[in-house]
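Read-outs throughout are calculated quantities, based only on the coordinates presented, and are distinct from any laboratory measurement. Bear in mind the structure is a predicted one, so any value in this text is a computation, not a measurement. Cβ placement follows ideal geometry from the backbone for every residue including glycine, while neighbour counts extend to all protein chains displayed.
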């Protein structure tokens with residue numbers, strides 16, 4: 001197996017481990033995986049339209065619609081009509097979502113500490129620079 005493929009498979013296992021750890025948080029707040037990912041995306045990109053979740057997160061349009069309805073009715077998200085185009089609404093997290101993020105951050109910090117153990121600041125800087133380039137290359141893919 002090539003080093004690149006091995007790295008990708010290990011990254012996938014790390015993602016699966018993180019998802020498993022996050023399952024308890026999702027259960028605590030009554031969220032499914034997609035809803036939790038939408039909340040995280042909204043925390044990082046406030047005011048995003050639902051179309052961003054389809055494009056950026058790769059979710060099905062219908063599933064996003066149902067998920068957003070559930071997040072709004074659950075009080076985690078509010079929608080505000082776009083001032084430039086009334087056909088669209090921009091989504092924002094509410095105060096109710098903040099404890100969800102705090103719990104998720106605890107898990108992320110735990111994983112980050114485990115995964116980055118023994119890595120120097122210089123190595124981490126090089127890793128971040130390389131990862132940014134890889135992400136830009138992914139964006140060029142027409143999938």
**Complete:** Counted neighbours (other Cβ, 10 Å), sorted fewest up, put 101, 53 in the order 101, 53
**Message:** Tell me the angle of helix 33-44 to the major Cα principal axis of the chain, expressed in degrees between 0 and 90 and rounded to the nearest ten.
**Reply:** 90
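By counting other Cβ atoms within 10 Å of each Cβ, how are 102, 96 ranked from fewest to most? All intermediate terms of the calculation are to be shown ahead of the outcome.
Values: 102 10, 96 14.
Exposure proxy ranking, most exposed first: 102, 96.
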**Message:** Helix 121-140 against the longest principal axis of the chain: what's the angle in degrees, Cα atoms only, rounded to the nearest 10?
**Reply:** 60
**Prompt:** Which angle from 0 to 90°, rounded to the nearest 10, does the C-alpha axis of helix 3-29 make with the longest principal axis of the chain?
**Reply:** 40
**Request:** Go through [x] 47; [y] 31; [z] 39 and flag the label whose value is the computed percent of Cα pairs over 23 Å apart for this structure.
**Result:** [x]
**Asked** Rounded, prolate or oblate: which fits the range 102-143 when a ≥ b ≥ c are the square roots of the eigenvalues of the alpha-carbon gyration tensor, with rounded for a/c under 1.5 and prolate only if a/b beats b/c?
**Response** oblate
